[in-house]
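> This is the structure I want to talk about, given as structure tokens.
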Amino acid sequence: MELTKEEEAALDGKHGETLALAYRVLVAIGEATGSEKLIPIEWAHLSGVNYNTIGDAGEQFLSHLSKDTKFKVKTTVNPMGLDFDTISKYELNEQFIQKQQSIKDSYEKMGAIPSFSCIPYEIFELPKKGTHVSFAESNAAIYANSVSGLKTNKEGAFSALASAITGKSPRSDLRDDKNRKPNVTIQMKIKNKDELTYGMLGYFAGKVAGNSVAISGTTNLDKRSCKSLCAGMGTSGRCGMFTLEEGEGEKIDFDDKEMQNVRDELNTSESGDVITLGSPQLGLEEISDLAVMLHGKSFRKRCMIFCPRAIKKQITDLGYAKEIERAGGEFLYDCCICLTPLINKDNVDSVITNSVKGAYYLRTSNGVDVNLKSLSQIVREETK
Amino acid sequence: MNVQVIVKGKTKGALLVSRNPINFLGGIDKKTGLVRDENHDLFGKSIANKILVFPFGVGSSVGAYTIYSLKYNKRAPLAMICLKADITTASGCAISNIPLVVVPKRDYESLKDGSKVSLDAIKGNIL
């Protein structure tokens, strides 16, 4: 990869240890992806915010980094492990809360906007189409490329961090128009489709696709299905983009048999103790839908609903929060299902969710069983 | 065998070969280095102090922090050999100073589990 004189100097440590580290990361990614140069990016969205995912190593790394680092471009951050406003209601050890606070402080000190959300594409105004951004959250990277018209690779936590520090990223993979063309088409053969079907389709597509995949047999997706597709795809593979049209190359069917295989892999229980909604976090539109669906009903079980804080005022003012709380829903802001310490095998055996991404991480990381079903099925079976 | 160097370094050790991609965040325990994804061909094995051979990383971008945590907890692989280095693995190795190289498919398939090799990720070869 060719670097400018200025970039070379930074890599050699002439502008400090932090910039040298950031450029070392960018050069490694550049080598890995066959990039020729670095290009400017306008917005970095960072993962690695939840203490449960980055641990003591990550917490100390960020604390050290924040001593002399300021982000160069607009920088937003992924969910934390908890909601500081309501944490006293949960049994969580003090050490976890302190470490999470330290991580939050480090990011804010470096200039991050405290968004704590995995759906930046839904809560921030988007730059104009074609703008290069650097999104580490996998569902957000896929959504940005496929729906928002932005350009990003499916970044790693450290590559997006390096982009936030330098304002740059290697020009490669999905940043290059010729690689955005899908070379595999998944033919959607399932007749009755809901968001869970699309989540499983995404999980399947992620396993078989390269950088970009075409999905045929489906034309318009509502927001819930679209987010579910992005999250499923981001969980299983390295694919960072989809289009809803026939692509070139190999054609692969996603039929009942393939869907059953995915279900068998992720669904490990026929029922659950707790319902969780929100991986990715639910936005305004989904909360509005949920309030309507729950009209005159109440949950038979505890139901945890994960949202970005950015929508709290709106859903409160519009009365949605009140209606959902009346039905027994419990709102948590700034965090999400994935690896939250609030759900673990000491307090819960099995969890009901409509999220394929949630299911994967609940099982592998939180160690609980999962009962996968669509939102409409959850409302039908788990409310009275 | 010639290799493409992504992150520089030198090491010697035994190969641990996987044919499945790795989701570091969900798939590997950052404190022990054990593979905890039941559906993975390395399930129950430790990747610590081995030269880890796998096609590429998948899934969560936070897997890069898992790689860094493994190093911090002294349970990291000595080096990694991939078929295609993904961004999460490359950035995780770069921050953690874990040598990372890429090999072509034919060479990748010739790497045998358990065999002892010497990896020079400066000159770019495996002996």
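The values are calculated or read from the model by the stated rules, or taken from the named source; none is laboratory data. The shown structure was predicted, so the numbers you read here are calculated from the model rather than taken from an experiment. Glycine also receives a Cβ, built like all others from the backbone with ideal geometry; neighbour counts cover every protein chain displayed.
> Which residues, taken from the range A:284-309, are of a type in the set (A, V, I, L, M) and surrounded by 20 or more Cβ atoms within 10 Å (Cβ to Cβ)?
Answer for the range A:284-309, where residues must be of a type in the set (A, V, I, L, M) and surrounded by 20 or more Cβ atoms within 10 Å (Cβ to Cβ): A:I287, A:L290, A:A291, A:L294, A:M304, A:I305.
> Return the residues of the range A:98-138 that are buried (at least 22 other Cβ atoms within 10 Å of the Cβ), among the polar types (S, T, N, Q) and in a helix (DSSP H, G or I); say none if nothing qualifies.
A:Q100, A:S106, A:S138
> Sticking with this one: Restricting the search to the range B:29-60, which residues are crowded, with 19+ Cβ neighbours inside 10 Å, farther than 21 Å from A:C239 by Cβ, of a type in the set (V, I, T) and in contact (Cβ under 8 Å) with a residue 24 or more places away in the chain?
The answer is B:I47, B:I51, B:V53.
> Check off (1) within 11 Å of chain A (Cβ to nearest Cβ); (2) of a type outside the set (S, T, Y); (3) farther than 28 Å from A:G48 by Cα for B:I67 and give me the number that stays unchecked.
(3)
> Filter the range B:25-39 for residues that are within 10 Å of chain A (Cβ to nearest Cβ) and under 12 Å from the mean Cα position of the chain (by Cα) and give the result.
B:I28, the sole residue that qualifies.
> Being modelled with pLDDT under 95 and facing chain A (nearest Cβ under 7 Å) is the filter here, so list the residues in the range B:70-90 that pass it.
The answer is B:A85, B:D86, B:I87, B:T88.
> Go through A:G130, A:G149 for me and flag whichever is closer than 23 Å to A:F116 by Cα, more than 14 Å from chain B (Cβ to nearest Cβ), of a type outside the set (S, T, N, Q) and touching a Lys or Arg at 6+ places or on another chain (Cβ under 7 Å).
A:G149
> Which numbered condition in (1) of a type in the set (S, T, N, Q); (2) over 20 Å from A:T235 (Cα atoms); (3) not in a helix (DSSP H, G or I) is the only one that A:T316 fails?
Unmet condition: (3).
> Part of a helix (DSSP H, G or I) and either at pLDDT below 95 or touching a His at 6+ places or on another chain (Cβ under 9 Å) (or both) - does that describe any residue in the range B:105-117?
No, every residue in the range B:105-117 fails to be part of a helix (DSSP H, G or I) and either at pLDDT below 95 or touching a His at 6+ places or on another chain (Cβ under 9 Å) (or both).
> If a residue must be touching a residue at least 40 places away in the same chain (Cβ under 8 Å) and not in a loop (DSSP other than H, G, I, E, B), how many such residues does the range A:50-76 contain?
12
Yes/no matrix, rows are residues, columns are (1) outside the structural domain of A:N220 (by TED's automatic domain parsing); (2) assigned to a strand (DSSP E or B); (3) more than 24 Å from the chain's Cα centre (by Cα):
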| site | (1), (2), (3) |
| --- | --- |
| A:R238 | no, no, no |
| A:G247 | no, no, yes |
| A:D253 | no, yes, yes |
| A:Q281 | yes, no, no |
| A:G296 | yes, no, yes |
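> Sticking with this structure for a sec: Kindly indicate the residue of the range B:87-127 that is of a type in the set (D, E) and touching a Leu at 6+ places or on another chain (Cβ under 8 Å) and also surrounded by the most Cβ atoms within 10 Å (Cβ to Cβ) among those meeting that condition.
B:D120
> In the range A:217-236, which residues are assigned to a helix (DSSP H, G or I) and either over 18 Å from the mean Cα position of the chain (by Cα) or not aliphatic (A, V, I, L, M) (or both)?
Hits for the range A:217-236 are A:K223, A:R224, A:S225, A:C226, A:K227, A:S228, A:C230, A:G232, A:G234, A:T235, A:S236.
> If you check A:A140, A:A136, which single one turns out to be touching an Asp or Glu at 6+ places or on another chain (Cβ under 6 Å) and within 14 Å of chain B (Cβ to nearest Cβ)?
When all the criteria are applied, what remains is A:A136.
For every residue, the table says whether it meets (1) surrounded by fewer than 22 Cβ atoms within 10 Å (Cβ to Cβ); (2) more than 10 Å from chain B (Cβ to nearest Cβ); (3) of a type in the set (D, E, K, R).
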position	(1), (2), (3)
A:E6	yes, yes, yes
A:K14	yes, yes, yes
A:T18	yes, yes, no
A:G30	no, no, no
A:T33	no, no, no
A:E36	yes, yes, yes
A:A44	no, yes, no
A:G48	no, no, no
A:I54	no, no, no
